[in-house]
Amino acid sequence: MSKDYLNFATRLQHQHANIARFSLLNVRVTHVFNPLWMRNVLVDQNHNLIRWERATQVFSLSMGQSVLVSEGDQWQRQRRMLQPGFSPKRVAGYTQLMVQAAREALDGLALEPKGQEVDMEQLMTHITLDVISRTLFTQPTLHQPKALTQAIQTLSHFGYSQLFLPFNLPMWLPLPSVLKAKRALRVLQGFIKANLAKHEQDARAHPEWDDLVTMFRAARDPQHPDVGMDSQELYDQTALMFLAGHETTASAMTWWCGLMAQHPEVAQRVQDEVRHTLQGQDPSPETVADMPWLQASLKESLRLYPPALIFTRMACTDLQIGSITIPKGDLIAMTPYVVHRDPRWYESPEAFRPERFLPGAPEIERGAWIPFGTGPRVCMGQHFAMMEMAVVAAMLLQRFNLVWPTDTPWPHAKMAVSLRPETGMKLMLVPRH
């Protein structure tokens, strides 16, 4: 499982189409592959589930007791306070920040020597880090992006490796992997704490700022309007938004770029739509909504390479799914990558066909496309992510043709916190005139 989890889960689904159970040391694991059953678990019976404790311990290392980690009343309170910051109307207000970050990165690329291969994973990570930094703190904050990116990658790989050990490694162990993770954590904490302090100082002179950190400081629980976030809670939520707000989007955009380069006929169709709709202008929430081929290409890319690798829950009581009982204490696992490639729900599931998601296309089985999860814990940032991806994709296609390097094989997908190409994704970016 640890060497190639996706292949393991795919083979398991081929043997047991809807559900499979096995024991892993002292843990009983139930894999659910049927979309209707997954919705039954995550939506209808969500009140009988909690997050897998091992996973929350891993996430809490870098994100504290944020809304991703917390449970029960604490989670509900945090969700009520944070949700308004990610409404479609609020996300529309962040669009200009996305445009600014993408423009700076892409204009810099245009100055590079022609004919060079570009590391798309590195480029997309830089853009999404810049976007979430501006969204959190208003001002650009990435003065040493390389050190920060390396720290985040170290924490991601360390956290993922923990999930396949019999127990989580205590952070006091003097092991090389633990010491490396602790150094990376210090880099991340230093960045966020320094920017929170600077933001607090600068915001006094800028009452017009409307960024996420400003919203966090002003947020109140509607049920307890006299109580806001303390300093630790502010740090935890900021760390969560910073990490989750860039890593999965960078991963998704990296795969999309590769798919566009591998399918020039689709790229040409999307480019024509972008050119016709934008007329050389920057994208806006209104024009993004008027580009169905662009949206469909992004959704199809998310189908083939969903950044969220696995959703896990623990059963707090016996659960009934159809005629099957999942006993209390079972770890329930759902893998979007496998469900998204099931031929029962998609014709030619391995093929890249954006037309599946065009208006008027046959309806997709409910629950068979879940890159952002579903139920009460569905990703709060899904509207933000889709807007950011559309803005960056449109601006990239305005400026460049994406060309797949000759004789380069398609990379194998590897797992960390998000799904990444194992050997990277380098493309030729040919400037458009």
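The values are calculated or read from the model by the stated rules, or taken from the named source; none is laboratory data. Just so it is clear, the structure is predicted and the values come from calculations on it, not from any experiment. A quick note on method: Cβ atoms are made from the backbone with ideal geometry, for glycine too, and the neighbour counts reach across all protein chains shown. Surface areas here come from the heavy atoms of the whole protein model, side chains and all, with no ligands, DNA or RNA. Shrake-Rupley method; radii C 1.70, N 1.55, O 1.52, S 1.80 Å.
At-a-glance table
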{"read-out": "Accessible area (Å², 1.4 Å probe, nearest 10) - TRP369", "value": "70"}
{"read-out": "Prolate/oblate/rounded label for the chain (Cα gyration tensor, a/c 1.5)", "value": "rounded"}
{"read-out": "Carbon plus sulfur fraction of accessible area for the chain, probe 1.4 Å, in percent", "value": "54"}
{"read-out": "Estimated dipole of the range 139-247 in Debye, rounded to 20 [Cβ of Lys and Arg +1, of Asp and Glu -1, Cα centre]", "value": "700"}
{"read-out": "Within-10-Å neighbourhood charge of ARG51 [Cβ basis; K, R +1; D, E -1]", "value": "+1"}
{"read-out": "Projected label distance in nm at ARG220 and GLN15, using a 7 Å step from Cα toward the beta-carbon", "value": "5.7"}
{"read-out": "Neighbour net charge for ALA361 - beta-carbon separation under 14 angstrom, K R +1, D E -1", "value": "-1"}
{"read-out": "Point-to-point label distance, ASP44-GLN279, nm (Cα→Cβ direction, 7 Å offset)", "value": "5.1"}
{"read-out": "Accessible surface, the range 228-363, averaged per residue in Å² (probe 1.4 Å)", "value": "38"}
{"read-out": "Taking only Cα atoms of the range 308-406, radius of gyration then Dmax in Å", "value": "18.0, 55"}
{"read-out": "DSSP bridge pairs, the chain: antiparallel proportion in percent, nearest 5", "value": "90"}
{"read-out": "Accessible surface ranking that places the most exposed of MET260, MET415 first, with a 1.4 angstrom probe", "value": "MET415, MET260"}
{"read-out": "Net charge over other residues, Cβ less than 13 angstrom from the Cβ of LEU24 (K, R count +1; D, E count -1)", "value": "+2"}
{"read-out": "Amide N of the range 381-415 lying under 13 Å from the label point, which is placed 7 angstrom from the Cα of GLN262 along Cα→Cβ", "value": "404-405, 408-414"}
{"read-out": "Residues whose placed amide H lies under 5 Å from that of LYS426, excluding near-sequence neighbours", "value": "MET120"}
{"read-out": "For the range 350-362, 3J(HN,Hα) per residue [Karplus equation, 6.51 cos²θ - 1.76 cosθ + 1.60, θ = phi - 60°, Hz, x = Gly/Pro]", "value": "7, 7, 8, 10, x, 4, 4, 10, 6, x, x, 5, x"}
{"read-out": "Solvent-accessible surface (1.4 angstrom probe) belonging to GLU286, in square angstrom, nearest 10", "value": "120"}
{"read-out": "Simple Cβ-charge dipole of the chain, Lys/Arg +1 and Asp/Glu -1, about Cα centre, in debye nearest 20", "value": "920"}
{"read-out": "Order of exposure, largest accessible area first, which applies to THR125, THR287, THR406 with probe 1.4 Å", "value": "THR406, THR287, THR125"}
{"read-out": "Overall Cα dimensions of the range 41-143, principal axis frame, Å, largest first", "value": "57, 31, 28"}
{"read-out": "Farthest toward positive dipole pole in the chain [+1 Lys/Arg, -1 Asp/Glu at C-beta], among THR10, GLN268, THR325", "value": "THR325"}
{"read-out": "Cα shape, the range 30-96, gyration tensor, a/c 1.5 rule", "value": "oblate"}
{"read-out": "For ASN401, distant residues with modelled amide H under 5 Å away", "value": "VAL430, ARG432"}
{"read-out": "Sites matching trypsin sites (Lys or Arg not before Pro) across the range 190-277 that sit in DSSP coil, with at most 16 neighbouring C-beta atoms within 10 Å", "value": "ARG204, ARG220"}
{"read-out": "Most to least accessible of ARG80, ARG186 (protein chains only, probe 1.4 Å)", "value": "ARG186, ARG80"}
{"read-out": "Cross-link partners of LYS182 among lysines (Cα-Cα below 18 Å; sequence separation of 8 or more within a chain)", "value": "LYS146, LYS193"}
